[in-house]
1. Test residue 31 against the stated conditions and say whether it is surrounded by 18 or more Cβ atoms within 10 Å (Cβ to Cβ), at pLDDT 90 or above and under 23 Å from the mean Cα position of the chain (by Cα).
2. Within segment 220-238, track down each residue that is under 13 Å from residue 344 (Cβ atoms) and either in contact with a Cys (Cβ under 7 Å, 6 or more places away or on another chain) or assigned to a helix (DSSP H, G or I) (or both).
3. Among the numbered conditions (1) surrounded by 19 or more Cβ atoms within 10 Å (Cβ to Cβ); (2) outside any loop (DSSP other than H, G, I, E, B), tell me where residue 145 comes up short.
4. Tell me which residues, restricted to segment 97-142, are aromatic (Phe, Trp, Tyr) and either in a loop (DSSP other than H, G, I, E, B) or on the phi > 0 side of the Ramachandran plot (or both).
5. What pairs come out if I take residues in segment 105-117 that are closer than 14 Å to residue 168 by Cα and pair them with residues that are among the basic types (Lys, Arg) whose C-beta lies under 7 Å away, six or more apart or interchain?
6. Can you pull out every residue in segment 296-320 that is surrounded by fewer than 22 Cβ atoms within 10 Å (Cβ to Cβ) and β-branched (Val, Ile, Thr)?
7. Out of curiosity, is residue 51 touching a helix residue (DSSP H, G or I) at 6+ places or on another chain (Cβ under 8 Å) and either of a type in the set (Phe, Trp, Tyr) or over 30 Å from residue 133 (Cα atoms) (or both)?
8. Mind listing whichever residues of segment 68-121 are modelled with pLDDT of 90 or more, closer than 22 Å to residue 28 by Cα, of a type in the set (Ser, Thr, Tyr) and surrounded by fewer than 21 Cβ atoms within 10 Å (Cβ to Cβ)?
Amino acid sequence: MKIMLEKSSLKNILFYFAYSIYLAYNLLDTSFYSKYIQGFGNLLIITILVMLIFKEAFDFKINSRDLMLFIILAIVAGLFYSYMGYNYAILPFFIYAARNVNITTILKISYRISLTLLIFIIVSSYLGWITNYITYEGGREREYVGFRYSLFGSAILCNIIFLKIYLEKDNIKWRTLVLLTIGNYALYEFTDSRLTFGLGMVLLFLTMLIKIFPKFKRILMSKITIASYVFSGILSLYFTIGYNHLSEWHSNINEFLGGRLSLGYSTLKYYGYGFFGKEISLVGNGLDVDGYTTTATYDYVDNLYVQLLLKLGLLFLIIFILGMTLVMIRVYRLNDVYLYIIFSLLALHGIVDDLMILPHYNSFWFVIAALFYKTKLDTQNNG
């Protein structure tokens, strides 16, 4: 028994260490610290994969469920590598390795590292250690606060808010909610990242309502919400493919979404889409490590559902939506109201940007494998 406990502990430590390195590197890579660490990327990926292999090698046992999950995620990893890049390809392997690891610990690691590095990067930009890039466009002033795009810091904070509320649930203090609200608003004032700010505020507001009216949980656990990813996917494709700039209400929605509809429409029209994926390279507004913008024509699609359609094809998009709907069904059956709200908001998040596909912007991917391996999540003991 003692040996088994030691093996189990070592397996967990290998995962936590591999994930901590991966998370810290990728968070720093979104900032102007990127130029100091970019030479270590390939070595880092190899080191992480070796640690995950050793983690699986300890007390190795194979069963049909493990094998099926591994095959599915390996196919997804192959598609991600072919059409989206290696940074996406490692996510399925992390999800697989997380299936038998304490989820609470993973989320706590995510919260602490993300919060520490967010503060570090922002403070660094104001101390002059790294660049605080500022843009002026259409009457909007946007500070990048040390990041290589204005949205990155706001997206990281949104994930931090989700993590803190989920980890503490009903036990979260009013003081914490107020501090998170102030921090979210302050970063919004600097970066003008309206949509990610709004998502964070929705969860904060709903959490406050639950604290005041505990019975409000019953309303939030509506069965209709199970179809969040179906609704979000259909709405995304309907308004993007059918976008008409002559329509006043289409134009109003497009303006509210920061031009996402028109950009998605023009990119889909240019590249087309099919049943299977294709290799395409989209040009965004993000800066390089030296703070320079690209001279190529901007055609980046922020909408996750449209981007999956473009790069991975209609088949993968359907599988993704169905898979996430199964996740929603599982969370509903667990009666975990906070996780239910968070996954619903992530479905909406996919409409406004594609960052939620990466674990340094969305730590809740690690919950997915555990949802189908455990009758109750570790975090359900909290609150």
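The values are calculated or read from the model by the stated rules, or taken from the named source; none is laboratory data. None of these values were measured; they are calculated from a predicted model. Please note: Cβ atoms are built from the backbone with ideal geometry, for glycine as well, and neighbour counts cover all protein chains shown.
1. So residue 31 fits the description; yes.
2. 220, 223, 224, 225, 226, 227, 228, 229, 230, 231, 232
3. (2)
4. 129, 133
5. Matching pairs, first to second residue: 111/164.
6. Passing the criteria: 297, 318, 319.
7. When the stated conditions are applied, residue 51 passes them.
8. 105, 111, 116
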